[in-house]
Structures are given as structure tokens and as C-alpha cells.
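First comes the structure, then the notes that go with it.
The values are calculated or read from the model by the stated rules, or taken from the named source; none is laboratory data. If you're wondering where the values come from, they're calculated on a predicted model, not measured in any experiment. Backbone-built Cβ (ideal geometry, glycine too); neighbour counts: all protein chains shown. Heavy atoms of the whole protein, side chains included, go into the accessibility calculation; ligands, DNA and RNA do not. Shrake-Rupley method; radii C 1.70, N 1.55, O 1.52, S 1.80 Å.
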Amino acid sequence: MDYLRIPETSSRAGRLSETQEKTTKRLAELKSYLEKKVAEHQNEIHDLQSFLETVDNILAEKSYRRVQLPKSIPGTPAAIDSNPPQTIRTISGVLLADIFVEGQDIRIVPSKDIKFDANAPPLRSFLVGKVLEPLHVKDEESTRKQELSPDRVLSYEIDREANSLKQIHVKNYGDERRLNELKNALRWTFRRMYEKTIGTQ
């Protein structure tokens, strides 16, 4: 009779519901596990990027230290003790720009082999908008509080020819910490501009 099949159908539905519940629970556990792993890897990537930047900075400092010139030989012109520039390069070694540190000033001269757009977002939006201009404003505020003399305020000039970047001149960069921050920002900026430059060729 038909009514005798009702308990079997109910039991089957119950087992199906229990199976679905177990599957949902396992999927939730899997989701939680995957989210945890993603977070762990993101932290690891961030740490690795930080280590890579530190190694990059150390290599730059080690590679472009002042060259010790030999003592002059009698009868010959005296050797000039020059301070060679640091360079900004891609990971593959392509020269992007030279950094000249002269007292409290920094001059950044792009490679003559690469034409950088002076209006490129990495330069205008990031380097100027988020690094140089905020530092200038901060120094101006320090002068109003009489914490800094006006002649020590950071300033900058972007030299261009048409839309081509020719030089960046930063005056009164400040202390060693600021100098390192600026060098890191410059490296990032020029590498991004290079990526955009080769991407449009």
C-alpha cells in the first residue's frame, strides 16, 4: 500500500539532509583553512618584498661606494677624489637613472637611452603627490612652529623638455632617514615609469 512507503521517503530525506549538512560543514572548514593559508602567504610575500628591498638597498650602497684613487705620482696632475653617483636599475640591470647626492641636495638624471614621460602617473601622482609635496608641506609647517629655519625647507624642481623628463632636483632633503626614503621612492618611481614606457613601444 502507498502509505507504507512514507516512512522510507522520510528516512531518505533525512539522510540526504544530514549529508548536505556534513558537506556544508566541510566546505565551511575548507573555506576557513584556505583563508588562513592565503593570509599566511600574504604575510610571507610582504616580508619577502621587505627583505628584497633591504637587500637591494644594501647592494646599491655597496656597489657604488667612493672609489679610492691611488696617490698622485710626482710630476703628474693630482688625482680628483670624485663621488660617483648611485644608479637606479631594473632587476635585469637596465640603467634607468643616476642619483647624485651633493651636500643637502639630490639630483636625479634619467638615462639618455630612455625617454621618460614627465607627466607619467608614477612621477606626478606618486613621487610628487605622495612623497615630495607632503615633505615640503611638513617642512613649511615646521617653520611656522619655529622648529625649522626657512632655508632648510625641502623643495624640488622637475626639469623637462617638452614632455620628456630631463632632471629632478631635490633641495634640503634632510637627514639620512629621509635620504633613504627618497632613494626608495625614486627607485620605485623610475622602475614603474620604465614598465609603462616599454609597454607603450
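Tabulated results
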read-out	value
Scope the stretch 157-201; condition free of Cβ contacts under 8 Å to residues at least 40 places away in the same chain, more than 26 Å from VAL137 (Cα to Cα) and more than 20 Å from the chain's Cα centre (by Cα); matching residues	GLU161, ALA162, THR200, GLN201
Given (1) in contact with a Ser or Thr (Cβ under 8 Å, 6 or more places away or on another chain); (2) closer than 23 Å to GLN86 by Cβ; (3) open to solvent by 40 Å² or more (accessible area, probe 1.4 Å), index of the condition PRO150 fails	(2)
Failed criterion for SER92 (all others in (1) on the phi < 0 side of the Ramachandran plot; (2) in contact (Cβ under 8 Å) with a residue 40 or more places away in the chain; (3) not in a strand (DSSP E or B) hold)	(2)
Hits in the stretch 122-139 (condition: open to solvent by 40 Å² or more (accessible area, probe 1.4 Å) and in contact (Cβ under 8 Å) with a residue 40 or more places away in the chain)	PHE126
Among (1) farther than 19 Å from GLU195 by Cβ; (2) in contact with a helix residue (DSSP H, G or I) (Cβ under 8 Å, 6 or more places away or on another chain) - the single one HIS169 does not satisfy	(2)
Residue in the stretch 188-198 that is loosely packed, with under 14 Cβ neighbours inside 10 Å, under 15 Å from LYS115 (Cβ atoms) and of a type in the set (Val, Ile, Thr) present	yes
Test set (1) open to solvent by less than 40 Å² (accessible area, probe 1.4 Å); (2) touching a residue at least 24 places away in the same chain (Cβ under 8 Å); (3) part of a helix (DSSP H, G or I) - SER142 fails condition number	(2)
Filter result for ARG66 (at pLDDT below 90 and either more than 26 Å from the chain's Cα centre (by Cα) or surrounded by fewer than 16 Cβ atoms within 10 Å (Cβ to Cβ) (or both))	yes
Considering residues of the stretch 90-119 that are at pLDDT below 95 and within 16 Å of the chain's Cα centre (by Cα) only, the residue most open to solvent (accessible area, probe 1.4 Å)	ILE91
Residue among GLU176, GLU157 that alone is among the acidic types (Asp, Glu) and open to solvent by 90 Å² or more (accessible area, probe 1.4 Å)	GLU176
